[in-house]
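Below is one structure; the comments refer to it alone.
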Amino acid sequence: MHDRAAAGIVAREPELAALDAFLAGDRRALLIAGPPGIGKTTLWETGIARAQERGDQVLAARPSDAEARLSFTALIDLFDGVGADTLAGLPAPQAQALEVALLRREPAADAPEPGAIALGLLNGLRALAAAAR
């Protein structure tokens, strides 16, 4: 199962074991750090591929430098592929605010309150977690 996800990775058995332990739920967080060029992105992409192979839903954002300056770009990336049905159970103000931030709905006369977007995000993540159980 891991042959495809680890293709091209050489001499990284401890790091791959840490990825597997994280995905198995043995760890609550995983930090991939180091100087440029040592393969952090390759390990991150391998972790994503392994999670998807396991059937896990993966929320990932990787905006370019230009995109990172735009409001909610990472949020839009994270919720790409998350259907409206998942967000349907949110309270209406939160759902509307989050859908506006995700560019799925036109804003009303006033921009959504940042607090409503934040609560919509939190409860949207909770809905995803509950659906995964």
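The table below gives the values:
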quantity	calculated
Spacing of the two label points (7 Å from each Cα toward its C-beta) at ILE9 and THR41, in nm	1.7
Centroid-to-centroid separation of the range 93-125 and the range 54-69 [C-alpha atoms, Å]	19
Global geometry of the range 2-53, whether rounded, prolate or oblate, following the gyration tensor of its Cα atoms and the 1.5 cut on a/c	oblate
Label point 7 Å beyond Cα of LEU30 along Cβ direction - residues of the range 41-62 with amide nitrogen under 16 Å	41-61
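Taken together, the values in this text are just the output of simple stated rules run on the coordinates, not laboratory data. All figures in this text were calculated on a predicted structure; none of them were measured in a lab. Positions of Cβ are backbone-derived with ideal geometry, glycine not excepted, and every protein chain shown enters the neighbour counts.
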